[in-house]
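Visitor: Got a structure here, written out as structure tokens. Questions coming.
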Amino acid sequence: MHVVTFTRSTPDTAAKVWVNEEGEVAWGDVATVVNPWDEYSLEETIVQAKQFGGESTVIAIGAELHNDALKHSMAMGIKNVLRVDAVGLDMSDSLVWSALAAGAIRKLGNVNMIILGKESVDVGTDQHNYQLARRLGWTMLSYVSAIIETDCAAGTIKVEKMLEQGKQIVSAKLPAVVSVMKGINEPRYPNFLGIRKAAKAQIPVWSASDLGVDTPAAATRALRFMNPPARDISTEIIAGADLEAKTAALVERLFEEKVL
């Protein structure tokens with residue numbers, strides 16, 4: 001059983017970002033973190049690979065800044081790490097990302113399962129998960145809250161999926177792409193030995209040419225970002241003898257401001 005996952009470094013969700021004079025999103029020297037949704041896919045990759053005495057691999061696609069996420073993954077317990085360099089390519093375009101990801105999976109060969117986090121917080125989308133499954137021609141299992149059973153001999157997997165109406169149990173053939181939800185597990189913390197090992201690790205880097213991939217032209221291109229206009233905000237405290245009086249005063253003010 002060879003289980004592969006993907007990860008990336010993203011700005012902390014509490015970090016302040018802005019648009020610089022060149023019209024580019026910037027966050028200065030704010031430290032990056034592992035994409036929060038990837039914590040669960042990394043843990044599940046370790047669990048599934050260990051259950052069958054198999055291999056676990058984590059891949060990052062993009063610039064060198066993603067090495068931090070890869071080393072965090074190794075410190076958690078992922079055995080193999082790999083980065084696909086994408087110089088000059090827009091990693092916010094899911095078609096480009098999925099083309100490189102599919103090329104990396106084909107080059108690795110003998111991969112039984114790909115486990116992904118629900119989405120990437122920096123681009124706010126999960127469409128790259130579906131595009132990867134489509135490019136590989138694999139089954140896509142999304143919103144997975146539990147992997148109930150994996151049968152390597154039969155080449156099948158049974159999972160629990162979260163739906164708006166409740167939960168659904170489905171079975172599928174392997175290989176498959178699985179996107180997991182928060183709560184599927186409790187991600188472990190890297191231990192001291194894992195951190196030391198990861199700090200010394202040399203991360204192999206592949207290029208698009210190594211994968212034999214002709215990356216598609218970006219489907220969309222952001223010409224420039226702009227900061228939202230500043231808003232002049234004032235605060236008014238509604239006074240009154242009791243709740244009823246305060247409510248009446250509030251409604252009157254809303255009518256005056258033509259909110260209602």
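Visitor: Step by step: first the residues of region 124-141, then only those that are assigned to a strand (DSSP E or B) and under 26 Å from G53 (Cβ atoms), then the one that is farthest from the chain's Cα centre (by Cα). Which residue is that?
Guide: Only one residue tops the list, namely T139.
Visitor: Is it the case that some residue within region 166-189 is within 26 Å of M74 (Cβ to Cβ), exposed (fewer than 12 other Cβ atoms within 10 Å of the Cβ) and out of contact with any Ser or Thr (no Cβ under 7 Å at 6 or more places or on another chain)?
Guide: For region 166-189, residues within 26 Å of M74 (Cβ to Cβ), exposed (fewer than 12 other Cβ atoms within 10 Å of the Cβ) and out of contact with any Ser or Thr (no Cβ under 7 Å at 6 or more places or on another chain): present.
Visitor: Select the strands (runs of 3 or more DSSP E) contained entirely in region 3-79, then report the ones holding at least 1 residues which are modelled with pLDDT of 95 or more and under 28 Å from A99 (Cβ atoms).
Guide: 55-61
Visitor: Another question, then. From the set of residues in region 192-217 that are among the small types (G, A, S) and without any contact (Cβ under 8 Å) to a residue 60 or more places away in the chain, which is nearest to A101 (Cα to Cα)?
Guide: S209
Here's the yes/no breakdown for (1) on the phi > 0 side of the Ramachandran plot; (2) in contact (Cβ under 8 Å) with a residue 60 or more places away in the chain; (3) surrounded by 15 or more Cβ atoms within 10 Å (Cβ to Cβ):
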position: F6; (1), (2), (3): no, yes, yes
position: T10; (1), (2), (3): no, yes, yes
position: A14; (1), (2), (3): no, no, no
position: V25; (1), (2), (3): no, yes, no
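Visitor: Could you please find all residues in region 180-220 being of a type in the set (K, R) and more than 21 Å from the chain's Cα centre (by Cα)?
Guide: R196, K197, K200
Visitor: Another question, if that's okay. Consider V144 carefully, then state whether it is assigned to a strand (DSSP E or B) and under 22 Å from V121 (Cα atoms).
Guide: Yes: the conditions hold for V144.
Visitor: Next question, about the same structure. Residue under question is M181, and the condition is that it be aliphatic (A, V, I, L, M) and touching a Gly at 6+ places or on another chain (Cβ under 8 Å); does it hold?
Guide: Answer is no for this residue.
Visitor: Then there is this: Would it be correct to say that R135 is surrounded by fewer than 21 Cβ atoms within 10 Å (Cβ to Cβ), out of contact with any helix residue (DSSP H, G or I) (no Cβ under 6 Å at 6 or more places or on another chain) and within 24 Å of D214 (Cβ to Cβ)?
Guide: So R135 fails the test.
The values are calculated or read from the model by the stated rules, or taken from the named source; none is laboratory data. Keep in mind the model is a prediction, meaning the values are calculated, not measured. Cβ coordinates were reconstructed from backbone atoms using ideal geometry, including for glycine residues, and neighbour counts include every protein chain displayed.
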